[in-house]
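The values are calculated or read from the model by the stated rules, or taken from the named source; none is laboratory data. What you see is a predicted model, and the numbers here were worked out from it, not measured in a lab. Don't worry about glycine lacking a Cβ; one is built from the backbone with ideal geometry, like all the others, and counts go over all protein chains shown. Remember, those area values only see protein heavy atoms, side chains included, never the ligands or the DNA or RNA. Shrake-Rupley method; radii C 1.70, N 1.55, O 1.52, S 1.80 Å.
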Amino acid sequence: MSNHLDSRVVSYYILKKILDEAMTIEGAMDSLSHKINDGDRGFIRHLVTTTIRRLGQLDKIINHMTKTKLGNTQMAVRHVLRLGITQLLYMDVPAYAAVDGSVRLVETKISKKLQYLKNPVNAILRNVDRERELLLKKFGNTRLNFPKWLLSSWDARFGNATVKDIIAACLEEAPLDLNFKPHLNIEEWANSLNGKVVRDHIIRLEKSGKIDDLKGYKEGLWWVQDVAATLPETLLGAKKGEAVFDLCAAPGGKTAQSAAKGAKVTAVDMSHKRLKRLVENMKRLNFNVDVVTSNILEFIPESSASHYLLDAPCSSTGTIRRHPEILHIRDANEVNEMALMQSKMLDHVSGIMKSGSILVYSVCSMQQEEGPDQINALLERDRSLKRKEISKEELIGFEQAILENGDVQTLPHFIEGGMDGFFISRLEKI
């Protein structure tokens with residue numbers, strides 16, 4: 001007898017874990033993986049991520065359509081309505097399926113105390129279906145989906161027009177980027193996978209299915225890596241035979257980039273679990289990499305390296321298009337806490353660098369505190385480092401990401417189909 005649950009039931013449980021328990025989408029899906037039919041996985045992910053992306057608009061619509069506000073005690077029913085309205089307004093799901101599935105959710109998975117809301121749920125969803133055009137227009141302000149602290153920080157840094165573009169990109173489903181080994185014919189592989197080349201050895205797939213079923217995966221010919229995430233290692237510039245310390249390395253995308261060039265890479269991370277995944281990835285790719293389990297603040301290498309890559313822990317606001325739950329599990333205080341940790345890491349790494357070595361600092365963040373402010377403060381307090389400016393010739397096709405001072409800030413709308421928001425700065429020890 002199958003142990004799998006209906007796709008809408010699984011989606012409901014995943015949404016609860018994300019919004020009620022502050023779990024990530026990946027963590028929530030992993031916790032219920034034994035309940036998910038492989039054929040339903042894509043629908044479930046799309047339904048949940050779209051609901052999370054549109055949560056502000058959805059809640060405005062729910063409040064508009066209900067006579068009595070659904071409070072915390074009725075949160076389970078609000079979750080059901082969120083999923084139902086998402087299917088009606090933002091997905092290509094037949095109305096009867098969205099309404100019937102939602103009503104059955106109330107009947108079978110909501111406590112008996114809330115069963116009196118079954119008929120109102122049915123009525124609300126039918127009214128939403130009838131009034132869909134009016135509701136989409138009335139509640140079309142996409143800023144509703146983003147917390148005020150985040151919007152104010154972006155408005156101040158980028159301006160309202162750019163923020164509008166950022167939001168639009170973050171609301172779209174992110175494609176899958178594959179980074180291929182450099183010796184392969186990238187055009188032939190793009191044709192074979194029905195994808196398109198977006199940079200060097202990066203192929204973008206709009207639809208992929210299960211990753212480990214894709215051609216070339218088992219042979220270790222590529223790894224998953226957003227195009228923006230490839231830029232820090234590219235700008236590091238390590239060549240064959242040169243020593244690289246990849247700090248905070250797991251799950252290993254940038255490690256694989258350096259290894260593919262023939263660099264001698266030491267991957268450092270404090271998480272045993274994440275390093276296990278890195279080791280598995282390197283084994284599949286047939287890359288020989290040294291692995292060290294260590295807190296970066298305690299890492300003292302036995303020998304020096306010519307290149308250091310610090311892809312520091314951060315707020316991850318640059319990855320909202322792929323991880324919309326960040327909108328609901330991060331706040332301004334966490335950004336400040338992350339910035340403090342980053343500054344400590346930068347000070348420590350500077351202390352172990354030798355003269356003439358290169359450090360690339362990167363964060364998948366669009367926050368001023370974690371990017372420009374971080375590097376400006378570092379250069380003020382540490383005169384042994386200087387900025388090694390990044391030129392347009394190094395980032396052909398991404399020139400608009402280069403800031404006036406030679407640092408880099410990619411934004412989600414910079415290329416068709418989107419990219420992560422990364423801040424990158426390259427420094428030299430003098």
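What number of residues within the stretch 308-318 satisfy the criterion of being within 8 Å of the chain's Cα centre (by Cα) and either hydrophobic (A, V, I, L, M, F, W, C) or open to solvent by 10 Å² or more (accessible area, probe 1.4 Å) (or both)?
1
Just checking, does the stretch 7-26 include any residue being open to solvent by less than 70 Å² (accessible area, probe 1.4 Å), among the aliphatic types (A, V, I, L, M) and over 24 Å from the mean Cα position of the chain (by Cα)?
Scanning the stretch 7-26 turns up at least one residue that is open to solvent by less than 70 Å² (accessible area, probe 1.4 Å), among the aliphatic types (A, V, I, L, M) and over 24 Å from the mean Cα position of the chain (by Cα).
Could you count how many residues in the stretch 60-103 are in contact with a Leu (Cβ under 9 Å, 6 or more places away or on another chain) and in a loop (DSSP other than H, G, I, E, B)?
4
Hey, could you check the stretch 357-368 for residues that are open to solvent by less than 10 Å² (accessible area, probe 1.4 Å) and either modelled with pLDDT under 95 or among the β-branched types (Val, Ile, Thr) (or both) and say which is farthest from MET419 (Cα to Cα)?
By that ranking, first place goes to VAL360.
Scan the stretch 393-417 for residues that are open to solvent by less than 30 Å² (accessible area, probe 1.4 Å), among the aliphatic types (A, V, I, L, M) and under 21 Å from the mean Cα position of the chain (by Cα) and report the count.
Counting residues in the stretch 393-417 that are open to solvent by less than 30 Å² (accessible area, probe 1.4 Å), among the aliphatic types (A, V, I, L, M) and under 21 Å from the mean Cα position of the chain (by Cα) gives 3.
Among the residues of the stretch 44-70, write down those that are open to solvent by 60 Å² or more (accessible area, probe 1.4 Å) and either within 24 Å of PRO175 (Cα to Cα) or hydroxyl-bearing (Ser, Thr, Tyr) (or both).
Of everything in the stretch 44-70, those that are open to solvent by 60 Å² or more (accessible area, probe 1.4 Å) and either within 24 Å of PRO175 (Cα to Cα) or hydroxyl-bearing (Ser, Thr, Tyr) (or both) turn out to be ARG45, HIS46, THR68.
Within the stretch 319-356, can you find the residues that are surrounded by fewer than 21 Cβ atoms within 10 Å (Cβ to Cβ), touching a strand residue (DSSP E or B) at 6+ places or on another chain (Cβ under 8 Å) and polar (S, T, N, Q)?
Scanning the stretch 319-356 gives SER350, SER355.
ILE390 fails exactly one of the following numbered conditions: (1) part of a strand (DSSP E or B); (2) surrounded by 14 or more Cβ atoms within 10 Å (Cβ to Cβ). What is the number of that condition?
Going through (1) part of a strand (DSSP E or B); (2) surrounded by 14 or more Cβ atoms within 10 Å (Cβ to Cβ) one by one, ILE390 breaks only (1).
If I ask for residues that are part of a helix (DSSP H, G or I) and open to solvent by 50 Å² or more (accessible area, probe 1.4 Å), which ones from the stretch 262-283 would you list?
Result: HIS272, LYS273, ARG274, LYS276, ARG277, VAL279, GLU280, LYS283.
Taking the stretch 23-47, which residues are at pLDDT below 90 and outside any helix (DSSP H, G or I)?
Across the stretch 23-47, the qualifying residues are ILE36, ASN37.
Here's the yes/no breakdown for (1) at pLDDT below 95; (2) touching an Asp or Glu at 6+ places or on another chain (Cβ under 9 Å):
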residue: HIS79; (1), (2): no, yes
residue: LEU88; (1), (2): no, yes
residue: MET91; (1), (2): no, no
residue: VAL106; (1), (2): yes, no
residue: GLN115; (1), (2): yes, yes
residue: LYS118; (1), (2): yes, yes
residue: VAL128; (1), (2): no, no
residue: GLU131; (1), (2): no, no
residue: THR142; (1), (2): no, no
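I'm trying to understand the selection: among the residues of the stretch 130-160, which are buried (at least 18 other Cβ atoms within 10 Å of the Cβ) and closer than 21 Å to THR51 by Cβ?
LEU135, PHE139, ASN145, PHE146, LEU150 - these are the residues of the stretch 130-160 that are buried (at least 18 other Cβ atoms within 10 Å of the Cβ) and closer than 21 Å to THR51 by Cβ.
Conditions first: (1) more than 30 Å from VAL103 (Cα to Cα); (2) open to solvent by less than 50 Å² (accessible area, probe 1.4 Å); (3) outside any helix (DSSP H, G or I). VAL163 passes all but one, so which condition is the exception?
(3)
Every residue, every condition in (1) assigned to a helix (DSSP H, G or I); (2) in contact (Cβ under 8 Å) with a residue 24 or more places away in the chain; (3) more than 15 Å from PRO232 (Cα to Cα), yes or no:
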| position | (1), (2), (3) |
| --- | --- |
| GLU302 | no, no, yes |
| GLU334 | yes, no, yes |
| MET345 | yes, yes, yes |
| VAL349 | yes, yes, yes |
| SER362 | no, yes, no |
| GLU404 | no, no, yes |
| HIS413 | no, yes, yes |
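Going through the stretch 364-402 one residue at a time, which ones are of a type in the set (Asp, Glu), more than 10 Å from SER425 (Cβ to Cβ) and without any contact (Cβ under 8 Å) to a residue 60 or more places away in the chain?
If the condition is that a residue be of a type in the set (Asp, Glu), more than 10 Å from SER425 (Cβ to Cβ) and without any contact (Cβ under 8 Å) to a residue 60 or more places away in the chain, then GLU369, GLU370, ASP373, GLU380, ASP382, GLU393, GLU399 are the ones that fit.
Could you list, in sequence order, all residues of the stretch 284-293 that are touching a Leu at 6+ places or on another chain (Cβ under 9 Å) and outside any helix (DSSP H, G or I)?
Correct list: VAL289, VAL291, VAL292, THR293.
Do you know which residues across the stretch 375-430 are more than 17 Å from PHE158 (Cα to Cα) and of a type in the set (S, T, N, Q)?
ASN376, SER384, SER391, SER425
Considering only residues that are open to solvent by less than 10 Å² (accessible area, probe 1.4 Å) and either without any contact (Cβ under 8 Å) to a residue 60 or more places away in the chain or among the aromatic types (Phe, Trp, Tyr) (or both), which ones fall in the stretch 79-93?
LEU81, GLY84, ILE85, THR86, GLN87, LEU88
Restricting the search to the stretch 316-326, which residues are assigned to a loop (DSSP other than H, G, I, E, B) and farther than 18 Å from ALA250 by Cβ?
Hits for the stretch 316-326 are ILE320, ARG321, PRO324, GLU325.
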